[in-house]
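Chemist: Before anything else, here's the structure in question.
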């Protein structure tokens with residue numbers, strides 16, 4: 001009897017325990033579902049960053065997406081405000097900007113190039129920095145919606161967007177929409193196939209060297225470097241440059257820093273004497289001589305030479321080498337405007353040049369040759385007056401002196417990088433002969449002599465030799481002291497014997513082509529020489 005009672009008690013106790021466990025499971029499951037529903041309804045997602053396809057140079061050196069960047073997700077309600085100054089300095093923003101963001105009470109993201117220290121309320125994620133520190137004008141930038149606004153970012157927005165991706169952080173918030181401690185933050189999204197992208201013809205080393213050299217000698221200017229045979233663009237630099245992550249600041253600036261000066265029409269000056277020289281050679285006037293007395297009178301006006309104390313008797317070669325204005329004015333009067341203009345058109349002046357889909361250099365201005373007065377022709381013969389051309393066009397002019405008389409078609413895009421290989425080679429290796437080889441060889445010889453013995457001595461590199469032409473162009477703009485500001489040039493090729501590169505250096509408000517631009521050319525040649533060896 002006692003044994004049967006014990007068994008009954010055990011059975012009853014077990015049954016009650018099982019029932020209690022079942023009821024508890026139902027209750028807890030219901031509670032978990034309720035909490036889960038509540039949590040799900042209070043999730044918040046904050047974008048960290050978006051990626052786009054990479055832009056490469058011709059050797060697949062990345063020009064974008066090349067460096068790490070750290071993304072700081074900041075919770076204003078857990079942040080220790082004694083760290084405001086530190087965060088501002090680390091992220092490159094003013095302390096007042098950080099405070100303003102904190103005061104809004106919303107979680108926000110700042111970026112830093114270095115990994116910050118550990119701080120309460122700050123969550124750090126490693127990602128990709130879109131822009132580097134070179135070729136800003138060519139690469140361009142994206143707007144707040146992530147779409148390309150300028151440069152290659154705009155021209156190839158569809159492709160670069162396709163190759164992109166992005167990452168975001170999702171976290172649980174309380175009733176006040178603040179992150180709930182202990183429930184964690186989840187990183188979502190992928191970087192995408194951002195390593196795929198656009199291959200340009202640029203050379204990152206030459207681009208960097210050119211930007212560095214240009215900044216040493218001028219605040220406003222441009223450099224263009226072309227492959228002298230193919231026209232592939234190895235460098236296009238423009239100063240002043242701008243921060244692609246702070247375009248608003250560039251828009252407010254008054255120095256035109258968003259303008260790509262390499263693609264814009266500029267006054268030309270004596271580099272145009274290359275055109276006049278080619279016209280004279282082809283007209284059989286290579287033996288023309290003239291004595292420079294320091295000035296020449298044309299149409300009742302005296303035109304002074306750049307060497308006012310006079311050059312003496314000049315031939316075509318010596319006048320080119322020493323940039324004698326008097327000689328070229330006299331030569332121009334004999335050639336006539338029509339012949340000079342016909343040669344200029346053949347040599348690519350007044351021609352808009354598309355270097356990528358939707359990206360072109362301005363065609364400048366080539367004055368109509370009809371109705372030229374003797375004075376207007378005098379100015380025209382030395383590259384002054386209404387004549388305008390871009391530094392890109394001047395680089396093409398230098399290239400035909402180096403490559404035997406072919407006018408190259410500059411191109412910036414080589415193809416696309418997809419899944420580890422190049423697709424769709426778009427490199428237009430097109431060029432056409434515009435002057436006879438004999439004419440080009442004489443121009444090449446004159447250019448080399450100008451560097452060795454003439455106005456271009458400051459352009460002579462330490463090795464390899466070079467050829468080129470200086471220029472100082474009037475602008476019609478005067479400073480506070482009444483002195484006219486000059487646009488100055490050096491355009492040439494390197495090395496001298498078998499030229500591979502055509503280089504045009506332009507500067508606003510320079511001293512002269514020989515003093516301001518020739519040293520930039522020399523340093524670029526030096527950098528190319530180091531790269532080659």
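Chemist: Considering only region 290-320, state which residues are in a loop (DSSP other than H, G, I, E, B), in contact with a helix residue (DSSP H, G or I) (Cβ under 8 Å, 6 or more places away or on another chain) and at negative phi.
Modeler: Residues satisfying the conditions are 293, 305, 306, 307, 311.
Chemist: From the residues in region 286-308 that are more than 28 Å from residue 442 (Cα to Cα) and either in contact (Cβ under 8 Å) with a residue 24 or more places away in the chain or out of contact with any strand residue (DSSP E or B) (no Cβ under 7 Å at 6 or more places or on another chain) (or both), which one is surrounded by the most Cβ atoms within 10 Å (Cβ to Cβ)?
Modeler: Result: 298.
Chemist: Follow-up question, since we're still on this one. Tell me the residue from 347, 335 that is in contact (Cβ under 8 Å) with a residue 24 or more places away in the chain, under 26 Å from residue 288 (Cβ atoms), more than 33 Å from the chain's Cα centre (by Cα) and assigned by TED's automatic domain parsing to the domain that holds residue 302, please.
Modeler: 335
Chemist: Any residue that is modelled with pLDDT of 85 or more, outside the structural domain of residue 420 (by TED's automatic domain parsing) and crowded, with 19+ Cβ neighbours inside 10 Å - is there at least one of those in region 170-186?
Modeler: No, region 170-186 has no match at all.
Chemist: Could you please find all residues in region 351-384 being surrounded by 20 or more Cβ atoms within 10 Å (Cβ to Cβ) and on the phi > 0 side of the Ramachandran plot?
Modeler: 364, 383
Chemist: What residue, among those in region 244-255 that are under 15 Å from the mean Cα position of the chain (by Cα) and in contact (Cβ under 8 Å) with a residue 12 or more places away in the chain, is nearest to residue 490 (Cα to Cα)?
Modeler: So the residue we want is 244.
Chemist: Additional query: Looking only at region 219-238, filter to residues that are more than 20 Å from residue 467 (Cβ to Cβ) and in contact with a helix residue (DSSP H, G or I) (Cβ under 6 Å, 6 or more places away or on another chain); which one of those is surrounded by the most Cβ atoms within 10 Å (Cβ to Cβ)?
Modeler: Here the answer is 237.
Chemist: Of all residues in region 41-67, which are in contact with a strand residue (DSSP E or B) (Cβ under 9 Å, 6 or more places away or on another chain) and farther than 23 Å from residue 159 by Cα?
Modeler: 42, 43, 44, 45, 46
Chemist: Out of everything in region 90-110 that is closer than 14 Å to residue 70 by Cα and out of contact with any helix residue (DSSP H, G or I) (no Cβ under 6 Å at 6 or more places or on another chain), what residue ends up being surrounded by the fewest Cβ atoms within 10 Å (Cβ to Cβ)?
Modeler: Out of the qualifying residues, it is 92.
Chemist: Please list, ordered by residue number, the helices (runs of 4 or more DSSP H) wholly in region 62-154 having 2 or more residues that are free of Cβ contacts under 8 Å to residues at least 24 places away in the same chain.
Modeler: 84-91, 95-104
Chemist: Somewhere in region 267-283, is a residue out of contact with any helix residue (DSSP H, G or I) (no Cβ under 9 Å at 6 or more places or on another chain) and under 18 Å from residue 488 (Cβ atoms)?
Modeler: For region 267-283, residues out of contact with any helix residue (DSSP H, G or I) (no Cβ under 9 Å at 6 or more places or on another chain) and under 18 Å from residue 488 (Cβ atoms): present.
The rows are residues; the columns are (1) surrounded by fewer than 15 Cβ atoms within 10 Å (Cβ to Cβ); (2) at positive phi; (3) out of contact with any helix residue (DSSP H, G or I) (no Cβ under 8 Å at 6 or more places or on another chain).
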position	(1), (2), (3)
43	yes, no, yes
59	yes, no, no
68	yes, no, yes
87	no, no, no
119	no, no, no
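Chemist: Looking only at region 252-281, count every residue that is surrounded by fewer than 18 Cβ atoms within 10 Å (Cβ to Cβ) and outside any loop (DSSP other than H, G, I, E, B) and tell me the total.
Modeler: Of the residues in region 252-281, 1 are surrounded by fewer than 18 Cβ atoms within 10 Å (Cβ to Cβ) and outside any loop (DSSP other than H, G, I, E, B).
The values are calculated or read from the model by the stated rules, or taken from the named source; none is laboratory data. Just so it is clear, the model here is predicted, and its values are computed rather than measured. Cβ atoms come from the backbone with ideal geometry, glycine included; neighbour counts cover every protein chain shown.
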